[in-house]
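*Asks:* I am attaching a structure below and will ask some questions about it afterwards.
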Amino acid sequence: MVVSVILILPVNRIPLTMNPNETIPRFDAFLAERGLRLEAIAAGGTALALMGIITRETRDCDLVEPQLTEDLTQAAAAFAATLRNQGTTLRDDWLNNGPASLGALLPDGWRDRLHLIHDGKAIRLWSLGRPELLLAKLWALCDRSLDLSDCVALNPSTEELAQAEAWIVRQDINPDWPTHVRSTLEDLAGRLGHGL
């Protein structure tokens with residue numbers, strides 16, 4: 001007896017990404033037309049792109065706070081659908097609270113170091129300050145081996161890497177974690193031309 005298995009794979013699988021420097025102003029106008037407002041704190045690739053630190057596209061806009069309302073979540077999904085109908089790729093959940101738990105873990109005073117990165121008609125978007133952006137990106141690098149190019153673009157100093165190491169080590173109780181963090185940051189330091 002012969003059993004055939006047919007796999008159906010998408011022929012033109014397009015990664016759902018965005019250019020924050022185009023998407024955020026367009027979403028700003030979209031919200032303004034609907035009488036909605038958003039004031040939030042961003043982390044990740046969108047923040048780095050709006051600050052001019054990176055030029056790559058990103059999958060989403062990660063917000064630390066506030067928690068998105070249902071109106072804003074629905075508006076973001078409707079906006080994504082509109083862009084997809086126009087040939088631009090964007091996920092429905094491109095605007096999300098993925099890093100919301102980060103706010104409780106960051107060092108005291110982090111809100112005092114926020115940086116305004118978009119001030120539009122309907123959207124006022126802040127970024128974490130440089131120390132906290134470094135912590136978030138370096139933690140992601142250690143935890144999931146993500147964001148190496150972003151960490152290189154941020155170009156942390158030897159002192160910044162050492163300060164970040166102490167904080168990152170406290171984020172996991174695995175006994176091998178401190179060694180892994182040290183190794184990962186030493187690799188990054190080598191790529192940047194300096195050591196820990």
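The values are calculated or read from the model by the stated rules, or taken from the named source; none is laboratory data. Nothing here was measured: the structure is a model prediction, and the numbers come from that model. Note: ideal-geometry Cβ built from the backbone for every residue, glycine included; neighbour counts use all protein chains shown.
*Asks:* For the structure I just gave you, tell me whether SER149 is small (Gly, Ala, Ser), more than 21 Å from the chain's Cα centre (by Cα) and not in a loop (DSSP other than H, G, I, E, B). Show your work before the answer.
*Replies:* Values: small (Gly, Ala, Ser): yes; more than 21 Å from the chain's Cα centre (by Cα): no; not in a loop (DSSP other than H, G, I, E, B): yes.
The answer is no for SER149.
*Asks:* Right, something else. Where residues in segment 38-74 are surrounded by fewer than 17 Cβ atoms within 10 Å (Cβ to Cβ) and among the hydroxyl-bearing types (Ser, Thr, Tyr), which of them is nearest to the chain's Cα centre (by Cα)?
*Replies:* If we take residues in segment 38-74 being surrounded by fewer than 17 Cβ atoms within 10 Å (Cβ to Cβ) and among the hydroxyl-bearing types (Ser, Thr, Tyr), then THR55 is nearest to the chain's Cα centre (by Cα).
*Asks:* Taking the criterion of being without any contact (Cβ under 8 Å) to a residue 40 or more places away in the chain and either surrounded by 17 or more Cβ atoms within 10 Å (Cβ to Cβ) or outside the structural domain of GLY52 (by TED's automatic domain parsing) (or both), would at least one residue in segment 77-88 satisfy it?
*Replies:* Taking every residue of segment 77-88 in turn, at least one turns out to be without any contact (Cβ under 8 Å) to a residue 40 or more places away in the chain and either surrounded by 17 or more Cβ atoms within 10 Å (Cβ to Cβ) or outside the structural domain of GLY52 (by TED's automatic domain parsing) (or both).
*Asks:* If you don't mind, there's one more thing I want to ask. Residue under question is ARG124, and the condition is that it be over 17 Å from CYS61 (Cα atoms) and out of contact with any helix residue (DSSP H, G or I) (no Cβ under 6 Å at 6 or more places or on another chain); does it hold? Can you show your working first?
*Replies:* Numbers: over 17 Å from CYS61 (Cα atoms): no; out of contact with any helix residue (DSSP H, G or I) (no Cβ under 6 Å at 6 or more places or on another chain): yes.
Against the criterion (over 17 Å from CYS61 (Cα atoms) and out of contact with any helix residue (DSSP H, G or I) (no Cβ under 6 Å at 6 or more places or on another chain)), ARG124 does not qualify.
*Asks:* Of all residues in segment 21-38 being assigned to a helix (DSSP H, G or I) and not hydrophobic (A, V, I, L, M, F, W, C), which is farthest from LEU116 (Cα to Cα)? Reasoning before the result, please.
*Replies:* Step one: of segment 21-38, the residues assigned to a helix (DSSP H, G or I) are 21-33.
If we keep only those that are not hydrophobic (A, V, I, L, M, F, W, C) too, we end up with 21-23, 25-26, 28, 33.
Values: ASN21: 14, GLU22: 17, THR23: 17, PRO25: 14, ARG26: 18, ASP28: 15, GLU33: 23 Å.
Filtering first and then ranking leaves GLU33.
*Asks:* Also, I was wondering about something else. Only one of (1) without any contact (Cβ under 8 Å) to a residue 60 or more places away in the chain; (2) in contact with a His (Cβ under 8 Å, 6 or more places away or on another chain) is not met by GLY52, so which one is it?
*Replies:* Answer for GLY52: the failing condition is (2).
*Asks:* Turning to a different aspect of this structure: With the condition kept exactly as written, say whether any residue in segment 9-20 is modelled with pLDDT of 95 or more, surrounded by 15 or more Cβ atoms within 10 Å (Cβ to Cβ) and touching a helix residue (DSSP H, G or I) at 6+ places or on another chain (Cβ under 9 Å). Full working, then the answer.
*Replies:* At the first step, the residues of segment 9-20 found to be modelled with pLDDT of 95 or more are 20.
Now drop any that are not surrounded by 15 or more Cβ atoms within 10 Å (Cβ to Cβ), which leaves 20.
Those left that are additionally touching a helix residue (DSSP H, G or I) at 6+ places or on another chain (Cβ under 9 Å): 20.
There is at least one residue in segment 9-20 that is modelled with pLDDT of 95 or more, surrounded by 15 or more Cβ atoms within 10 Å (Cβ to Cβ) and touching a helix residue (DSSP H, G or I) at 6+ places or on another chain (Cβ under 9 Å).
*Asks:* Hey, another quick one. Only one residue in ALA166, ALA153, ALA122, ALA100 is on the phi < 0 side of the Ramachandran plot and modelled with pLDDT under 95. Which one?
*Replies:* From the options ALA166, ALA153, ALA122, ALA100, the qualifying one is ALA100.
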